[in-house]
Amino acid sequence: MQNILVTGGAGFIGCNFVRYMLDKYPDYTIVVYDKLTYAGRLENLQDVQAQHGSRLRFVQGDICDAAAVDDAIGAHDIDAIVNFAAETHVDRSIMSPDAFIQTDVYGTYVLLEAARKAGNLRYHQISTDEVYGHIHGDHRSLESDSMAPRSPYAASKASGDHMVNAYYITYGLPVTISRGANNIGPFQYPEKVVPLFVTNALNNMALPVYGDGKQMRDYQYVIDHCSGIDVVLHEGVMGESYNIGTGKEMTNLEMVEILLDALGKPRSLIQHVEDRQGHDRRYCMNVNKLMALGWEPEYTHEEAIRATVRWYVDNQWWWEPIRNGEFKEYYQRLYGNRKVIG
Ligand code: NAD
Ligand code: TYD
């Protein structure tokens, strides 16, 4: 493996992965293939480009465009595909699911078909713990658990996973899947809860906590996710899925308190608002299968939240233009008329 096509590489996790891989493997070349939707930004890659020059190439394109995908694979002698490209925000999937079905389902099919036609290229699919749905009691999702997605986003990602498995079984395509927990860290679009709350708090705006805020999530630092993907890409067994998370969980309110304390902002900024429709109460995964390959997370939840807060405090240049653009209209649509409940 030497020439990797990283789809969605201009987004949050993708750009961190590109940085991680180019630093770690001096003989690898990466081609980022990205449509540059609202969530994809060339600024996310500008420091990597400056550091690694021609080892990083960029192609603007849609993963649903089969001819453009084939061209990118042929032109750059690609031997592996890592697919991050997706519509990723649950609240947007509730407002308008269409793009989720297009990119996360049909787009995944297009990439699998391109990998097959190019001679069964190595294919890795980036998936999510949300495919397991809401997790009851103290169970931690195992890779062998059935998928039970509940939001349009989660259902589209689960469909992608099914298609990846189908290409392994039917055509023998060398595939792996990794299912990440809630990632946080540099370059995350401020619609997701942690960057939304940090940037709201820095602007002294209320933090809209959905419902009682006692939903459980595993907030994982993005670099730990990237190192886990690297291990699966190189050491994973073909046809297998691997969970990537800390294996621990915390409530949203606990996350908010750490975040506000790190910023020195008052708890009075917390505002409970009407809950998300179909809100999954708890995600938590068992990550022993990946740990058995020698991987270990480095950041605790608290360290991950603090490191993320620091990055947003230091990188206002990155998020301020975003918050003043398309985001304003989105924010008004989602939060403008939302009922305050306490
Ligand atoms: P993101 O929304 O920040 O970035 C998505 C990227 O995909 C953007 O650069 C966008 O331009 C690109 N893209 C979207 N549609 C495209 C299309 N049709 N063709 C080409 N490019 C397209 O997302 P993220 O948070 O970095 O997530 C990356 C992947 O990781 C996704 O597959 C997501 O499901 C998965 N994941 C995310 C998390 C998380 O907490 N953010 C957790 C687990 C898994
Ligand atoms: P999010 O970052 O959207 O990730 P996901 O829904 O994929 O887990 O949300 C994380 C948690 O934070 C989730 O329980 C929903 C909650 N949340 C809020 O309470 N308020 C908000 O404004 C947002 C965006 C999320």
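The values are calculated or read from the model by the stated rules, or taken from the named source; none is laboratory data. From a predicted model like this one, the values you see are computed outputs, not experimental measurements. Cβ placement follows ideal geometry from the backbone for every residue including glycine, while neighbour counts extend to all protein chains displayed. Ligands, DNA and RNA are stripped out before the accessible areas are found, and what is left, the full protein with its side chains, is counted by its heavy atoms. Shrake-Rupley method; radii C 1.70, N 1.55, O 1.52, S 1.80 Å.
Output the relative contact order of the chain, whole-number percent, from Cα pairs under 8 angstrom with separation of 6+ residues.
Computed value for the chain: 17 percent relative contact order.
In whole Hz and in residue order, list the ³J(HN,Hα) couplings for the range 9-18 that follow from phi through the Karplus curve 6.51 cos²θ - 1.76 cosθ + 1.60, θ = phi - 60°; x for Gly and Pro.
With coefficients 6.51, -1.76 and 1.60, one gets x, 9, x, 4, 6, x, 5, 5, 5, 4 Hz.
Given a 1.4 Å probe, how much area per residue of the chain is accessible, in Å²?
Normalised by residue count, the accessible surface of the chain is 40 Å².
How big is the gap, in Å, between the Cα center of the range 161-220 and the Cα center of the range 89-144?
12
Using alpha carbons only, how many degrees (0 to 90, rounded to 10) separate the axis of helix 66-75 from the longest principal axis of the chain?
60
Name the aspartates and glutamates eligible as straight-distance cross-link partners of Lys265: C-alpha to C-alpha under 15 Å, and not fewer than 8 places from it in the same chain.
Within the straight-line cut-off, Lys265 pairs with Glu254, Glu257.
Keeping the other protein chains in place, figure out the carbon and sulfur percent of the accessible area of the chain, with a 1.4 Å probe.
49
What angle do you read, to the nearest 10 degrees and between 0 and 90, between the alpha-carbon axis of helix 326-335 and the longest principal axis of the chain?
Between helix and principal axis, roughly 50 degrees.
If you place +1 on the Cβ of every Lys and Arg and -1 on the Cβ of every Asp and Glu, how big does the dipole about the Cα centre of the range 160-283 come out, in debye to the nearest 20?
260
Rounded to the nearest 10 degrees, what's the angle between the helix 152-171 long axis and the longest principal axis of the chain, both from Cα atoms, 0 to 90?
20
If the reach is capped at under 25 angstrom between alpha carbons, list the lysines near Lys289, excluding any in the same chain fewer than eight residues apart.
Answer for Lys289, where 25 Å is the Cα cut-off: Lys24, Lys157, Lys248, listed by chain and number.
Taking the Cα centre of the range 1-116 as the origin, how large is its charge dipole in debye, to the nearest 20, when only Lys and Arg (+1) and Asp and Glu (-1) carry charge on their Cβ atoms?
280
Can you list the residues, at least 5 places off or on another chain, whose amide H is less than 5 Å from the amide H of Ala85, using H built in the peptide plane?
The answer is Thr7, Gly8.
Sorting Ile101, Ile305 by accessible area (1.4 Å probe), largest first, what list results?
Ranked list, largest accessible area first: Ile101, Ile305.
For the ranges 6-12, 155-161, 26-32, what's the packing order if you count other beta-carbon atoms within 10 Å of each residue, average per peptide, and put the highest first?
Packing proxy ranking, top to bottom: 6-12, 155-161, 26-32.
What percent do you get for the relative contact order of the range 20-158 when only Cα pairs under 8 Å and 6+ apart count?
Computed value for the range 20-158: 22 percent relative contact order.
For Gln46, put the label point 7 Å out on the Cα→Cβ axis and report which residues of the range 284-316 keep their amide N under 16 Å from it.
Under cut-off, by backbone N: 314-316.
Leaving ligands, DNA and RNA out of it, work out the accessible area of Glu249 with a 1.4 Å probe and give it in Å² to the nearest 10.
Glu249 has an accessible surface of roughly 50 Å² with all protein chains in place.
List the aspartates and glutamates whose Cα lies under 12 Å from the Cα of Lys192, skipping any in the same chain that are fewer than 8 positions away.
Asp91
Collect residues whose amide H, placed 1.01 Å from N in the peptide plane, falls under 5 Å from the amide H of Arg179; neighbours closer than 5 in sequence don't count.
For Arg179, the qualifying residues are Ser127, Tyr242, Asn243, Ile244.
Could you order Asp261, Asp62 by accessible surface area, starting with the largest, using a probe radius of 1.4 Å?
My answer, sorted largest first, is Asp261, Asp62.
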